[in-house]
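The structure under discussion appears below in the form of structure tokens.
Every read-out reported here was derived from the displayed coordinates using simple, explicitly stated rules and does not represent laboratory data. These figures come from a predicted structure and were not determined experimentally. When we count neighbours, we look across all protein chains shown, and the Cβ atoms used for this are built from the backbone with ideal geometry, even at glycine.
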Amino acid sequence: MNMVGQTLSRLGESGLYVLSDLGRMSLFLLNSLRGIFIRPFRWAELIKQIQFVGAGSFWVIFFTAISTGMALGLQGYYSLSKFGAEGMLGSAVSLSLVMELGPVLTALMVAGRAGSAMCAEIGIMRISEQIDALECMAINPYRFVVSPKFLATIISVPLLTALFDLVGIMGGYLTGVILMGVNPGSYQQGMEVSVTNHDIQLGIIKSFVFALLVVWISTGRGYFVHQIRGAGFGAESVSRVTTQAVVLSSIAVLIFNYLLTAIIL
């Protein structure tokens, strides 16, 4: 009975911790979004964050997109050639990128590059008591630190997703048309006929949702680094929480990708 009681006690503590953490993160999301509308807004910081999240992620998005598109072109040609349907290669590549791979891979790359940096930055500000100092000076830390990162990520990720789609389609064209000899007219026509406004809207909606998930989890983990169980102390806590933020962001993106596809498709 003693072991059963200890097990139930640990389960209860874990459940209470999860509920408490969800409550903290929910309030953090509301305060961060509200901070966007509090004046005066920090436009210089917003531009700085857009440059960091958006322009700073250009090359990693470019090379990920071109390699993904080229791989899709090769695999698509190999699969479609078995049925004599090589002309549908443009349709297969464009739909895969616009609806699924573009938004998902862009969000994962941003989470790994920018999300981890935002989590570490805010985590260091928390353990070095910079956030506490802002509160002591009656400065809203959400408006000052978090909200510009939220808005910059929400603006940058959809644009990076559009870049990913465009470069990926070009990569599929390189391998399918130039290397494998698919008719360029059929590649373009298949793309134009198959990709509808509904498909593009699905990709746009996904990119906005994924952007919000990545910045919410990344900044929230850093902001509450001192309250996360098992994170440790000092630099160790920041490193563990940063890893946790990237993992949770990636898992959230994959889960919501399926949910959004099932709801909207």
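Considering only Thr242, Pro148, Thr196, and ranking their Cα positions along the charge dipole of the stretch 146-254 that arises from unit charges at the beta-carbon of Lys, Arg, Asp and Glu, the one farthest toward the positive end is Thr242. Got a sec? Charge dipole of the chain, +1 on Cβ for Lys and Arg, -1 for Asp and Glu; which of Gly90, Ile139, Leu108 is way out at the positive end? Farthest towards the positive end: Ile139.
Can you order the peptides 181-188, 2-9, 146-153, 14-21 by their average number of other Cβ atoms within 10 Å per residue, highest first?
Details: 181-188: 16.2, 2-9: 8.8, 146-153: 25.0, 14-21: 11.8.
Ranked by mean Cβ neighbours within 10 Å, highest first: 146-153, 181-188, 14-21, 2-9.
The simple spin-label model puts a point 7 Å past each Cα toward its Cβ; for Thr243 and Cys136 those points are separated by 3.3 nm.
What percent does the relative contact order of the chain come to when contacts are Cα pairs within less than 8 Å and at least six residues apart?
Across the chain, relative contact order equals 31 percent.
With unit charges on the beta carbon (Lys/Arg positive, Asp/Glu negative), name the residue among Ser9, Gly23, Trp43 whose Cα is farthest towards the positive pole of the charge dipole of the stretch 1-69. The residue sitting farthest along the positive end of the dipole is Trp43. One decimal place: the segment Ile178-Leu254 gains 24.1 nm when fully extended, by the rule 0.36 nm per residue minus the C-alpha distance. In a reduced charge model with +1 at each Lys and Arg Cβ and -1 at each Asp and Glu Cβ, the chain shows a dipole moment near 440 debye about its Cα centre.
Working out 0.36 nm times the residue gap between Phe41 and Val18, then minus their Cα-Cα distance, what length gain in nm do you get to one decimal? Please report the intermediate quantities before stating the final value.
Working: separation 23, 0.36 × 23 = 8.28 nm, distance 3.33 nm.
Result: 5.0 nm gained on full extension.
Remark: relative contact order (the stretch 139-265) = 27 percent; criterion is Cα-Cα distance under 8 angstrom and separation of 6 or more residues.
Using the Cβ-Cβ distance between Phe208 and Ala71 with R0 = 35 Å, the FRET efficiency computed as 1/(1 + (r/R0)^6) comes to roughly 0.85. With the Cα gyration tensor of the stretch 1-125 giving a ≥ b ≥ c as the square roots of its eigenvalues, does the rule (a/c under 1.5 for rounded; else a/b larger than b/c for prolate; else oblate) give rounded, prolate or oblate? It is oblate, given that a/c is not under 1.5 and a/b is not larger than b/c.
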